[in-house]
1. So is residue 626 closer than 17 Å to residue 468 by Cβ and either free of Cβ contacts under 8 Å to residues at least 60 places away in the same chain or not aromatic (Phe, Trp, Tyr) (or both) or not?
2. Within region 374-396, take every residue that is charged (D, E, K, R) and surrounded by fewer than 18 Cβ atoms within 10 Å (Cβ to Cβ) and give me the one that is nearest to residue 556 (Cα to Cα).
3. Give the number of residues within region 589-640 that are of a type outside the set (Ser, Thr, Tyr), open to solvent by 30 Å² or more (accessible area, probe 1.4 Å), at pLDDT 90 or above and part of a helix (DSSP H, G or I).
4. Is one or more of the residues making up region 64-77 open to solvent by less than 10 Å² (accessible area, probe 1.4 Å) and not in a helix (DSSP H, G or I)?
5. Restricting the search to region 573-588, which residues are part of a loop (DSSP other than H, G, I, E, B) and free of Cβ contacts under 8 Å to residues at least 24 places away in the same chain?
6. Among the numbered conditions (1) surrounded by fewer than 21 Cβ atoms within 10 Å (Cβ to Cβ); (2) at pLDDT below 95; (3) in a helix (DSSP H, G or I), tell me where residue 158 comes up short.
7. Quick test for you: out of 344, 380, pick the one residue that is of a type in the set (Lys, Arg), within 20 Å of residue 447 (Cα to Cα) and at pLDDT 85 or above.
8. Out of 184, 143, report the one residue that is modelled with pLDDT of 95 or more, over 25 Å from residue 88 (Cα atoms) and out of contact with any strand residue (DSSP E or B) (no Cβ under 7 Å at 6 or more places or on another chain).
Amino acid sequence: MKRTKNLSSESNRDIKKARIELGVSNFVKLFSYEESVTVDKTMLIKEFWQYPAESLLMAFPRRWGKSINLDMINEFFSPKLDSKGNEDKELHQKRQELFTKLKIGQTDLMSEYGKYPVIYIDMKSAKKGSYSELLDALKNIVSRLYEKYLYLINEQSDLADYQKIEVKKYVERKQDLTPEDLSSSLLNISKLLKQYHSQPVIILMDEYDATYNYVYTEPGVSDEERQQIVNFLKGFYENTFKGNEYLVKSLMTGVLRFAKDGSLSGLNHVKEHNITSKEFSQYYGFSQDEVDILCSKFGITDDADKEKISTWYNGYYQGANNQHVNVYCAWSIINYLNSGDFMKYWSESGSISFLNKLFSNQQIKHNIETLIKGGVIEFKFNDQLSADQFKKLGEMAHNASVEINSEGIDLFFSYMLVTGYLTQSDKSGEYKLPNYELTLEFEDKLLSFYKQIYTIDPNKMSQLTQNLSKIFGDHDSLTIKNLLTGDFYYTLKSVIEDCKLTQDKSSLSQGLFGNEDLVHSLLNYIALQVYDKKFATEIYTKKTIDGQVTDRSGRADIMLSHKKQGLIIEMKYTKEPIKDKSLKDTNASKSQEALNQAKTYSELIPGSAIDDYMQIFCGISISAEQDVALSGEIINPDSSNLDFSITES
């Protein structure tokens, strides 16, 4: 998709043979490919081991490197054994040589290499909406885990016979496992591994929040089933992490942090880190130095190319206060380097389709429009979700009739921040879109919303878009005037006359029709599709009155600019006639008011600050009877001006 000329999806570089393996979460496999380009994050191992808390949680957005980091830690600490539980010296040496070549190999932590039994469990397949389905999924997960430790029942094992029978039960009779068996399964295997190896265990759990995410956000999960699932998980996590005396260290990964109330009270000892934490942020996503190294290996040396890559995929501000790092989205930069094409990668790997329902809330919609134009928004950030808040979030996402108050808005944007769709700005309490990839994603969702809400003739909308594009292709003021009062005006008038809210969207439509927001939304829809232009909507600026910039602030409805031209559009809605005037005449007067207001925002387009720059101002008013009035003024580079207006019944 190409929206601006300097950010086009085209790439002129020749891709070298270098390649980054995509979607590989096996650390050894990733570092074993001869031509694979890798990023060394092994110092995470040392920080994890030396961190004072016994149990840690890393909550970062999806595809941020969490799984590969877990596997790296697993590979470093776990002993290398054969099927009988004896040390595989050759494999031990081979893996040790791999780590010796990396950053961790230059530290004294190598003395801990291969010394601790590791329990590595992935909860991804536990996304279930019923209690029985969850138990079945856990039976499979736990049974596969125990299969890895069948050496515990070999003849040379010093485990008691009843303990060996217990291990076999989890493998051979998994369907007979009770909820109590499953709840204590990781605690039991921890005890047996410590006894066998004479070393405490390390537990690594990937996607710890998979089940919680599912039962709270997916429609159709009953309150009874949800509560039963949550109660079970509470005991499962308490047994595994809190009441486990055989544990030396644990690390969980996920996307969200849950408030330690009720369902997760068993994890109140866990030290949590996410994109707003100062520790560990450098190990998730790619830093600028890391991307520079990757670019050099792919033959990308031109500064302009690097700046373009940064604009598309950089921009995440991770950390807190003065201790932070700016990072790239790892998934997107890997895909780009492999393909050479500027596209949406990370945003396409997930879904925020629920946004369409939330656009019915004017504050959410306004905030999204502010973000698209490059602005910042403010909200009360909450990085720990309670059970009630998570349930509310699910209701907001799937039920358009749910009332969304200010707390709900804060909750929604907090969720968007911790899941990677927003980032912190350099000013505390302000948030923005991180990069162009996410800007495109939100633009597309906004366009989709407009298409769902209004019955709009796509051919006419295309004509309007083409008409606006033509304005920026001509520098003759008379031609531009004729375009605005001709094709653009009559097509817009036809669109307004034909435009109706779709019959099946009444719950989304409330408050959108018969007011200025309808007009604003329609013109946003058009302006978003004008390629190669800088677009902004409802942008704040100082007002200019009688040629002087004042201290009074205002908000321009739409601004489009490109090279030597800038266009500001202001819109009005005329509901009733004023005294002694018809509605049509009142509407015409309102368009002139809109034009005068548009001119007060002239600071948004540079005018004389750029040689040969043309300023175009437009005021549009639409009446309750769907009459359209347009007034405009063009200020030429030589300061001469051309006024125009049109209204027809």
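1. no
2. Looking at the filtered set, the residue picked out is 378.
3. Residues that pass the stated criteria total 6.
4. Checking region 64-77: at least one residue is open to solvent by less than 10 Å² (accessible area, probe 1.4 Å) and not in a helix (DSSP H, G or I).
5. The answer is 577, 578, 579, 580, 581, 582.
6. The failed condition is (3).
7. Details: 380 fails: within 20 Å of residue 447 (Cα to Cα).
None of the others qualify; the one that does is 344.
8. 184
The values are calculated or read from the model by the stated rules, or taken from the named source; none is laboratory data. Keep in mind that this is a model prediction, so the values were computed, not measured. Here the Cβ is made from the backbone with ideal geometry for all residues, glycine too, and neighbour counts use every protein chain on show. For the accessible areas, the whole protein counts, side chains as well, though only heavy atoms, and no ligand, DNA or RNA atoms are used. Shrake-Rupley method; radii C 1.70, N 1.55, O 1.52, S 1.80 Å.
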